[in-house]
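The values are calculated or read from the model by the stated rules, or taken from the named source; none is laboratory data. Fair warning: this is a prediction, and the values are worked out from it, not measured in the lab. Glycine also receives a Cβ, built like all others from the backbone with ideal geometry; neighbour counts cover every protein chain displayed.
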Amino acid sequence: MQIGFWPTVRREIRRMGSRRMYLLMTLVVPVSVILFFVGLLDPGLPLKVPTAVVDLDHSPMSRAITRNLNATELVDISQELESYSDAMASIRRGEIYGFFIIPANFERDAVAGKKPTLEYYNNLTYFVPGTLTFKGFKTVAVTTAAGMVKSKLASAGLPSELTDPLLQPMAVQDHPIGNPWMSYSIYLVPSFCFGTVALLIMLMTVFSITMEIKNGTSPDWLMTARGHMAVAVAGKFLPHFIVWSVVGQFLLALMFGWCHFPCGSIWAMVVAMELFIIGCQAMGLLFSSIVPNPRMALILAALCGILSFSFLGFSFPVQSMYGPIAIFSYAFPCRYMFLIYIFSALNAFPLWYSRIYFAALIAFPLVCSLLLWRLKKACLNPVYVP
């Protein structure tokens, strides 16, 4: 019987090849998920959100407002309804995400110098399309108000040279940093894909280790590695690491090559992806060491993997989270991979600014290996408790 590091590697390769589930979970599933998210979020921004207008005035001014609404890239006037009740019914049916109400006598009141009211309603249950309709409606409302003021000042005899500075006393310039296209896909696709890959790596690592204990083959695994737990773990992880590296680099190629996401330093992302994979394997090792039982360890890995989606910081700033929860977010490799993506890829900051995050990814295998003694104890005396 051959013993040592390379015999341990060959042993793991044979185990991977003997089970189709390994290939399914390490190649087919992650690649399918990556392609799904890329295709789902490919438009980048959900433009022309379906909305409605309730025009109770039917005047030239109200029709001009409707045309201005439909001219914006954010909303699409798909329905022109007759009442508030009809509009709310359309929202309940999911046909529109908001509606704009132009009250009766709007033009007459505007010409008479009164203060007519424009109302708009947004279904913020669907936050993204609801927010977009709100932004589109507000833009048109502000533009309409400015136009009414300008018309009133002009009717009073003031020339446009005097009225324009009053309506717009300052120039405002908008400079989006890191994501000038305002694309949701640029930060959602990597976030979802990083989280999904991390979850699968942890689950497959836990499954690979704990099944040795369940099947009673862990003593043979350890014996092949000369009784060294670190050698046994390294020999088991290497074949999986190679497969996951292919998946990870495929993800980067898809993001920066096919989708043309901004990338300041591709080499920083390549190195970060390799460290990220090792960090996720280390987390799987940690779960297997804490609970050397397939069922319980898989549940723990799945729970932490799913929770890590919430701690990335792409949907809610970590700085605004409750103190202990924010600290907990730094216990997952996904968090550091996402920060490296933000700093090195999107913002193209020098590598120095991401040094702490690279160091954190390097620290994961070192910290998680502290419980190897516990895993070795379980491997020498494999006991499976259903």
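Just one of the listed residues (F256, F261, F237) is of a type outside the set (D, E, K, R) and more than 22 Å from L351 (Cα to Cα), and it is F237. Pairs meeting the criteria (first residue in region 232-259 and under 29 Å from L40 (Cβ atoms), second residue among the aromatic types (F, W, Y), beta carbons under 7 Å, at least 6 apart or on different chains) are M255/F261.
Return the residues of region 187-216 that are buried (at least 23 other Cβ atoms within 10 Å of the Cβ), at pLDDT below 85 and of a type in the set (A, V, I, L, M, F, W, C); say none if nothing qualifies. V189 - this is the single residue of region 187-216 that is buried (at least 23 other Cβ atoms within 10 Å of the Cβ), at pLDDT below 85 and of a type in the set (A, V, I, L, M, F, W, C). A count restricted to region 193-227 and to residues that are within 20 Å of V291 (Cα to Cα) and not in a helix (DSSP H, G or I) stands at 3.
Contact map, region 45-56: first residue touching a residue at least 60 places away in the same chain (Cβ under 8 Å), second residue small (G, A, S) and part of a strand (DSSP E or B), Cβ cut-off under 6 Å, separation 6 or more or different chains; pairs are T51/G98. Return yes or no: is D174 acidic (D, E), modelled with pLDDT under 80, part of a loop (DSSP other than H, G, I, E, B) and more than 30 Å from L238 (Cα to Cα)? For D174, the condition - acidic (D, E), modelled with pLDDT under 80, part of a loop (DSSP other than H, G, I, E, B) and more than 30 Å from L238 (Cα to Cα) - is met.
For region 335-370, a tally of residues being surrounded by fewer than 17 Cβ atoms within 10 Å (Cβ to Cβ) and part of a helix (DSSP H, G or I) returns 11. Residues in region 283-303 that are crowded, with 24+ Cβ neighbours inside 10 Å and not hydroxyl-bearing (S, T, Y) were compared, and the one that is farthest from I356 (Cα to Cα) is P292.
Determine whether P324 is assigned to a loop (DSSP other than H, G, I, E, B), farther than 30 Å from S183 by Cβ and either assigned by TED's automatic domain parsing to the domain that holds V206 or in contact with a strand residue (DSSP E or B) (Cβ under 8 Å, 6 or more places away or on another chain) (or both). Spelling it out, it is not the case that P324 is assigned to a loop (DSSP other than H, G, I, E, B), farther than 30 Å from S183 by Cβ and either assigned by TED's automatic domain parsing to the domain that holds V206 or in contact with a strand residue (DSSP E or B) (Cβ under 8 Å, 6 or more places away or on another chain) (or both). Can you confirm whether region 333-356 contains a residue that is in contact with a Cys (Cβ under 7 Å, 6 or more places away or on another chain) and not small (G, A, S)? Checking region 333-356: at least one residue is in contact with a Cys (Cβ under 7 Å, 6 or more places away or on another chain) and not small (G, A, S). If you check E73, E95 for being at pLDDT below 80 and in a loop (DSSP other than H, G, I, E, B), only one passes: E73.
Candidates are the residues of region 1-37 that are part of a helix (DSSP H, G or I) and of a type in the set (S, T, N, Q); the one that is surrounded by the most Cβ atoms within 10 Å (Cβ to Cβ) is T8.
Considering only residues in region 109-129 that are assigned to a helix (DSSP H, G or I) and modelled with pLDDT of 75 or more, the one that is farthest from P60 (Cα to Cα) turns out to be P129.
L81 - would you say it is buried (at least 17 other Cβ atoms within 10 Å of the Cβ) and closer than 30 Å to I186 by Cα? Against the criterion (buried (at least 17 other Cβ atoms within 10 Å of the Cβ) and closer than 30 Å to I186 by Cα), L81 does not qualify. Residues in region 74-91 that are hydrophobic (A, V, I, L, M, F, W, C), farther than 19 Å from A104 by Cα and out of contact with any helix residue (DSSP H, G or I) (no Cβ under 7 Å at 6 or more places or on another chain): A89, I91.
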